[in-house]
Each structure stands twice: as structure tokens, then as C-alpha cells.
Amino acid sequence: MSEIGKENIIVEKENKTKNFLKILLNGIIFENPTFVLMLGMCPTLAVTTSFTNAIGMGLSTTFVLIFSNLIISALKNIIPNRVRIPSYIVIVATLVTIVQLLMQGYFPDLYNSLGIYIPLIVVNCIILGRAESFASKHNPVESIADGIGIGVGFTVALSIISIIREFFGNGSFLNIQIIDNKYHIMLFVLAPGAFLVLAILTAIQNAFRIKKDKSVINCNNDCMRCGLRNKEEE
Amino acid sequence: MTFLMMLISSALVSNVVLSRFLGICPFLGVSSSVKTARGMGIAVVFVVFISTLATFLINKYLLEVGGIFGIDLTYLQTIVFILVIACLVQFVEMFLKKYIKSLYNALGVYLPLITTNCAVLGVALTVVDNVKYPTLIYAIFYSIGTSIGFFIAIVLLANIRERIEYNDIPKAFEGKPIVLVAACLMSIAFYGFSTLNIGG
């Protein structure tokens, strides 16, 4: 094989890993399912009363997401276009049943505390949304990357919310008591706390975005030193 | 009297949206005006009632040990129920389109969205797993109570949102955050119902 051919293969490989990482990061940060896309709100609000529950829910959703993305992108040419949504639902429901039975067998405590929200992963908009908008248009490797990215993004978001709620509501982290019983704010582990924490987190995010936008609008006509222009030139 | 208590407790005390977090997506997504919220609410009442009826009977006569097959098939609940609900929603849509035009015009847009509403699957799964609902009549009352709870919550939120439109709110809270704060306050208000001791 000639030198040029070898180089091409290496460049192609590098491009592939770069693409993989790009899709991964996209799922975790730029298209974070909870904070940016606002999808899958039911489990986000319901299971975030403790850190363990949140991690359990996040990981089971990630598992379902990776495999549903893989299967759907592998079968995308076989599934007829008209019955694609029912086929996706059957695939996702099968995977959810697998998770449900595994969890019941190996982690009965977690299974009991998550309860009805495990089978409800089937109707989590994130999974069907990714199947429809990503997996049905990309190859299996990219779809796995997307599944991992979105799944990790979801898990991270759930963990952040649950750490805040558990700390203020129960005064604990991973069942280790940090704050004395007297100073708990019960509201945070009850239903209203879930709405409140999510509202404040989204508001903080909005505030950052507004700040960023302002720097664009308040142009002082000093184009030579303007950060935006330098970025474009690079 | 028990049934009346059941209606109140499932609609208000343990409200499906505000204390059990089922059906949050349409609750936040389709509540920007009272008219659409009302349409969505009625469609949910309709579909939850029919799908609970169907899934309860299917579970009792096909999946459980005492059913036709004589073996325990309850591990298939999730797959069977979601497919039954999806088919049923399609069927209801076709039926309404053909025979009850006026109702179709009012609900048509919302029906396809309901398949992915967790409240529908959630109610179906709660009813078959809970010993509190042994017969069909209990299941029916529970499903009606729960879906009325959804209707109340979404219409109230839509009313609040229409009033928020004319108010000055901090820039960072515009859009979704203020809706979540409104939902939080509603949730606190509904929490007051839990002091009602009606044994539901």
C-alpha cells in the first residue's frame, strides 16, 4: 500500500474518533435532554428525591437508549416507513422489560423505590425522540455514541437535581447524614420541591444565556478589539 | 360512598400531575391557552377511561394465572399495555372521524399525542398492580378520578399562564421557569388536600 493511502486511512480514523467524541459531547452538553431540550420530565421530577434513585433511573434509561438506538439504526432499512413508530415502541418496550426483570432480580431495593417509573421508561419522550430524529438517519456506531451522550447527559442532570433536593430536604448525601434533623427543609423532598429546583436551575441557565447575548448586542463599535471578530478570523 | 371517596382522593389528594408526576410533558407543553388545555384534558379523560377498561380486562383474562392460557404472563404487561393503548388511540381517532365529527374536530389534534402521555400507561399499570382495585368497577372509578385530576390541573395551569402573560417577571424566569414556579405553588396548594382524612 502506498504512503498516501496509509495516511488517508489514519486521517479517516482520526476523523471518526473526532466525530464520535463530537456526538458524545453534543448529547451531554449542547443537547442535554433535561436542561436544553426539556424532555422526559416525569422521571426527572419523580425519582430525584435521592441520589441513588437518580443514578439508578439514569443508568437504566441510558442502557435502554444505547440498545434501542443500536437496534433501530441497524434495522432502519428493513422497517417500513409507515409502521416505524409502532416498531420503535415494540423494541423499546422489550428493552424496558429486560431492564425491569434484571433490576427486580439483582437490585430489589432500587426496584421497589423506583416502582412504576421503571416500566414508564417506555413512554419517555427522550428515547422515541432520539430514535426518530437520530438513530433512523445515522449508522450504528454514531447511534451508539448518541445513545451514550444523551444517556450520560440525562444521568448528570438527574444527579444534579437529586443532590440539591437530598441535601436540603434530608440533609444527607448517599444516606450519610450531614445536617442535623432540626434544619431540614421538608419542602425539597416533597412534590413542590421538584418543580422549584428545576425552575431555579433553568432560570440560572437562562440568566447565563442572557448575559452572553448582551455582550453581542452592546457593541461599542470598537471592531479592532472585539472578541467576536477575532474568533471569526481564527 | 366508597366510590365517591375514591373519586375525590384520586382527583385531588393524590393528584396525578402535581403529586405523582405523571403526564408532565403535556401539562407543561399544551397549557399555553385555556382552550387547548381543555381539549387536551377532555381527550385524556376519554382515553384513560377506555384504555384502563381494556387493559384491566386483558390483564385479568389473558395475562394472569386464572386467564385463558392458564400460565402467568404478567411479565408481558409493559409491552402488551403500550401496544393496546397505541392501537386503541388509533382506533378511537378513526371511529370519531367517521361517526362523531364534532368531537373529532375538538379532540383530533390531541389524540395522537396521548400515546406517549405517561398518565395513560401509569394509570393502567397502577390499577393492575394494586390490590386496592380488585374489580372492574373500582378500576373505572379510579381511572375517571385520576383523569379528572389531570383535567383540573392542566386547566388551572393554563388559566394561571394566561394571567402571567400580562405581568412583569424577571428576564431569567421568562418562559419555562415561571411555569415551573406556578406548578410548584399549585403543588403546594394541592398538598393541603392530604390533610383530608378520607381513607382513600
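Miscellaneous remarks
- Residue that is farthest from the other protein chains (Cβ to nearest Cβ), among those in the range B:176-199 that are open to solvent by 50 Å² or more (accessible area, probe 1.4 Å) and outside any helix (DSSP H, G or I): B:199
- In the set A:94, A:62, only one residue is open to solvent by 20 Å² or more (accessible area, probe 1.4 Å) and of a type in the set (Val, Ile, Thr); that residue is A:94.
- In the condition set (1) outside any helix (DSSP H, G or I); (2) closer than 27 Å to residue B:170 by Cα, residue A:208 is compliant with all but (1).
- Scope the range A:71-89; condition open to solvent by 60 Å² or more (accessible area, probe 1.4 Å) and either on the phi > 0 side of the Ramachandran plot or within 14 Å of chain B (Cβ to nearest Cβ) (or both); matching residues: A:82, A:83, A:84, A:85, A:86
- Those residues of the range A:29-59 which are among the aliphatic types (A, V, I, L, M), under 16 Å from residue A:129 (Cβ atoms) and open to solvent by 20 Å² or more (accessible area, probe 1.4 Å), in sequence order: A:36, A:37, A:38, A:39
- Looking only at residues of the range B:7-31 that are part of a loop (DSSP other than H, G, I, E, B) and not polar (S, T, N, Q), we find that the one that is nearest to residue B:116 (Cα to Cα) is B:23.
- Residue within the range A:158-176 that is aromatic (Phe, Trp, Tyr) and not in a helix (DSSP H, G or I) present: yes
- When the range B:161-175 is filtered for residues that are under 20 Å from residue B:39 (Cβ atoms) and in a loop (DSSP other than H, G, I, E, B), only B:165 remains.
- Residue that is at pLDDT below 90, surrounded by fewer than 22 Cβ atoms within 10 Å (Cβ to Cβ) and not polar (S, T, N, Q), where the choices are A:152, A:189: A:189
- The number of residues in the range B:79-126 being within 12 Å of another protein chain (Cβ to nearest Cβ) and touching a residue at least 40 places away in the same chain (Cβ under 8 Å) comes to 14.
- Condition check for residue A:131: within 15 Å of the chain's Cα centre (by Cα), modelled with pLDDT under 90 and away from chain B (no Cβ under 14 Å): no
The values are calculated or read from the model by the stated rules, or taken from the named source; none is laboratory data. This is a predicted model, so every value here is computed, not measured. Cβ sites come from the backbone with ideal geometry, for glycine too, and all protein chains shown count toward neighbours. For the accessible areas, the whole protein counts, side chains as well, though only heavy atoms, and no ligand, DNA or RNA atoms are used. Shrake-Rupley method; radii C 1.70, N 1.55, O 1.52, S 1.80 Å.
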